[in-house]
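Okay, here's the structure, questions in a sec.
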Number of protein chains: 2
Amino acid sequence: MNIRTLCLGILSLQEASGYEIKKEIEEGVFNHFIDASYGSIYPALTQLNAEGLLSVRSEEQLGRPDKKVYAITEEGKTVLAKGLSVVPARDKYKSEFLFVMLLQHLLSKQDIGRAMGKQHADLMEDLARIENCNGENCSDEMSNLPGAAFVAGYGRTVLRAAADYLEQCQPELKKQTFKAAE
Amino acid sequence: MNIRTLCLGILSLQEASGYEIKKEIEEGVFNHFIDASYGSIYPALTQLNAEGLLSVRSEEQLGRPDKKVYAITEEGKTVLAKGLSVVPARDKYKSEFLFVMLLQHLLSKQDIGRAMGKQHADLMEDLARIENCNGENCSDEMSNLPGAAFVAGYGRTVLRAAADYLEQCQPELKKQTFKAAE
DNA sequence: TTTGGCATATATCAGCTTGTTATATACCAT
DNA sequence: ATGGTATATAACAAGCTGATATATGCCAAA
């Protein structure tokens with residue numbers, strides 16, 4: 001599955017501009033398991049539009065470039081369904097943190113403590129975002145989907161397990177929980 | 001942190017060829033949190049050697065290209081230490097599985113079941129590899145490192161939490177545990 | 001027995017992705 | 001006024017993946 005399918009998937013829920021898709025990926029339910037940059041989103045939208053899988057509408061803006069709002073076409077929906085039904089690729093997880101921890105004998109205690117603290121703070125941030133998207137403060141189309149609860153639950157479980165493990169190894173981290181989750 | 005630091009890190013533990021580094025990443029302790037392809041490893045080794053951070057020794061092979069065994073130099077060790085002490089980048093996690101599950105309303109029950117089964121099997125495979133690398137059947141330099149227990153524990157915790165979550169959502173998966181872990 | 005698949009070993013490259021920069025403007029806080 | 005944040009698109013160097021090419025030996029299946 002590639003960015004094309006990703007864009008089609010998001011646009012099957014609500015029409016959006018490239019900027020809004022990026023924002024949705026960064027701040028929405030997707031946050032903890034999807035990444036995409038402008039450099040891949042904009043070309044993908046242009047291409048999908050050229051192929052008739054999307055339609056565009058230009059919205060004029062004050063002092064900004066026109067907003068190009070994309071919507072999925074019937075043909076786009078067909079292609080999306082086909083793209084989703086192939087067995088998904090294996091999850092990819094990359095962690096510099098774990099690499100550094102494996103080679104911890106080459107580092108000072110300070111460096112290790114800093115890495116642990118950063119990792120814990122990152123996990124807390126991701127956890128907070130998941131809870132945020134589920135609450136009332138999020139009028140997100142995504143969070144009302146039938147699959148949203150499952151996905152949020154998966155993320156919550158995994159992130160919480162990782163945070164618990166770190167806190168167990170270094171109990172001082174528990175104090176920072178409140179600060180980081182705010 | 002980039003492939004350069006990754007190669008230096010592995011070579012700080014044992015000298016190896018590009019092929020062996022790839023194998024180590026695929027089958028060793030790294031497996032669940034590091035990825036790297038030949039297309040990045042070979043150029044990195046050539047470059048690091050040109051910069052004097054590695055030394056090479058050619059081993060003749062029967063009916064195969066010469067094996068180029070790389071070893072880290074003193075200068076390489078210095079550069080590695082510097083590379084490791086910068087605060088590690090945030091973990092990256094990409095999951096087509098979760099994306100598909102979020103859009104499950106567009107799929108058949110069969111497709112969803114297949115995706116769940118695949119995800120569960122993948123998790124079991126990763127878990128089995130972690131236990132394998134810790135046992136006696138693994139004469140791996142990596143698994144004797146002071147940091148190895150922490151890293152294996154982190155992986156075990158997170159993967160087990162994910163598998164438990166899936167099994168809780170779809171209890172039929174528990175039966176497959178044995179098959180997949182074999 | 002021969003055919004195909006797997007393991008060893010390096011190298012290359014198209015194509016995709018990231019991360020950054022450029023462009024343009026408004027608004028808010030310092 | 002100066003800098004940061006937010007909206008919006010575009011483009012590009014640099015990096016990485018996944019596939020392919022090359023060459024050979026070994027083992028199992030047909």
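The values are calculated or read from the model by the stated rules, or taken from the named source; none is laboratory data. Owing to the predicted nature of the structure, the values given are computational and were not obtained by experimental measurement. No Cβ is skipped: glycine too gets one built from the backbone with ideal geometry, and neighbour counts run over all protein chains shown. What goes into the accessible areas is simple: the full protein's heavy atoms, side chains included, and nothing from ligands, DNA or RNA. Shrake-Rupley method; radii C 1.70, N 1.55, O 1.52, S 1.80 Å.
Between the range B:1-72 and the range A:1-55, how many Å separate their Cα centres?
If you average the Cα positions of each part, the centres end up 36 Å apart.
Give me the net charge for the shell around residue A:148: Cβ to Cβ below 11 angstrom, other residues only, Lys and Arg +1, Asp and Glu -1. Please report the intermediate quantities before stating the final value.
Working: positive: none; negative: A:140, A:141.
Overall, the nearby charge balance is -2.
In 5 Å bins starting at zero, report the fraction of Cα pairs in chain A per bin as a rounded %.
1, 7, 13, 16, 16, 14, 11, 9, 7, 4, 2, 0
So which aspartates and glutamates pass the test for residue B:82, namely a Cα distance under 17 Å, with those fewer than 8 places away in the same chain ruled out?
A:96, A:111, B:51, B:74
Here's a follow-up. Considering only Cα-Cα distances, which of the following residue pairs are longer than 26 Å: A:92/B:22; B:67/B:92; A:67/B:92; A:92/B:23; A:92/B:118? Mind dumping the intermediate values first?
Values: A:92/B:22 16 Å; B:67/B:92 33 Å; A:67/B:92 30 Å; A:92/B:23 17 Å; A:92/B:118 14 Å.
Going by Cα-Cα distance, B:67/B:92; A:67/B:92 fall outside the 26 Å limit.
Accessible area per residue of the protein assembly as shown at 1.4 Å probe, in Å²? Mind dumping the intermediate values first?
On the way: 18410 Å² over 364 residues.
Per residue, the protein assembly as shown has 51 Å² of solvent-accessible surface.
A further question on this structure: Mean shadow of the protein assembly as shown, computed from the convex hull of its alpha carbons, in nm²?
Details: hull surface 90.1 nm².
Orientation-averaged projected area of the Cα hull: 22.5 nm².
Another one. Any idea what diffusion coefficient the range B:3-85 gets from Stokes-Einstein, in µm²/s, Kirkwood Rh on alpha carbon pairs, 10 °C, 1.306 mPa s?
On the way: Rh = 12.9 Å.
Diffusion coefficient, whole number: 123 µm²/s.
How far apart are the residue A:1 label points across copies, placing each 7 Å from Cα toward Cβ, in nm, shortest first?
When each copy's label point is compared with this one, the spacings are 2.8 nm.
Would you mind listing the distances between the residue B:146 label point and the same position in each other copy? Use 7 Å along Cα-to-C-beta, nm, one decimal, shortest first.
Output for residue B:146: 5.3 nm, nearest copy listed first.
Just how far, in whole angstrom, is the range B:84-128 from the range A:144-166 if you go by their alpha carbon centroids?
Result: 12 Å between the Cα centres.
Once you have the alpha carbon radius of gyration of the range A:101-168, what is it after dividing by 2.2 N^0.38 Å, with N set to its residue count?
Ratio of Cα Rg to 2.2 N^0.38 Å: 1.44.
Quickly work out the residue A:92-to-residue A:23 label distance, labels modelled 7 Å from Cα along the C-beta direction, and quote it in nm with one decimal.
Placing both labels 7 Å beyond Cα along the Cβ direction yields 2.7 nm.
Would you kindly find the accessible area of residue A:3, with a 1.4 Å probe and non-protein molecules such as ligands, DNA and RNA excluded, rounding to the nearest 10 Å²?
Ignoring ligands and nucleic acids, residue A:3 comes out at about 40 Å².
Which residue of chain B is nearest the rotation axis onto chain A, counting by its Cβ, and what is the distance in whole Å?
Axis-proximal residue of B, distance in whole Å: B:161, 2.
Can you give me the % of accessible surface on the protein assembly as shown that is carbon or sulfur? Probe 1.4 Å, all protein chains present, nothing else counted.
51
Give me the percent of Cα-Cα pairs in the range B:26-65 that sit more than 13 Å apart, rounded to a whole number.
Cα-Cα pairs of the range B:26-65 separated by over 13 Å account for 68 percent.
In addition: Counting other Cβ atoms within 10 Å, keep those with at most 11, restrict to DSSP loop, and tell me which GluC sites (Glu not before Pro) in the range B:43-95 are left. Provide the component values of the computation, followed by the final result.
Values: sites: B:51, B:59, B:60, B:74, B:75; in loops: B:51, B:60.
Filter output for the range B:43-95: B:60.
Using a Förster radius of 51 Å, what is the FRET efficiency between residue B:61 and residue A:37 based on their Cβ-Cβ separation? Nearest 0.05, please. All intermediate terms of the calculation are to be shown ahead of the outcome.
Working: r = 42 Å, r/R0 = 0.82.
The value I calculate is 0.75.
For the pair A and B, how large is the buried accessible area, both sides, in square angstrom to the nearest 100, if the probe is 1.4 Å? Walk me through the numbers on the way to the answer.
Details: alone 12340 and 12320 Å², together 18410 Å².
Using a 1.4 Å probe on protein heavy atoms, the buried area is about 6300 Å².
As a test of reading the structure, rank A:32, A:105 by solvent-accessible area (1.4 Å probe, protein chains only), most first.
A:105, A:32
May I ask you to find the residues of the range A:148-174 that are shielded by at least 30 Å² of accessible area once the whole protein assembly is considered instead of their isolated chain (probe 1.4 Å)?
Residues of the range A:148-174 that lose at least 30 Å² of accessible area once the other chains are added: A:150, A:151, A:154, A:157, A:158, A:161, A:162, A:165.
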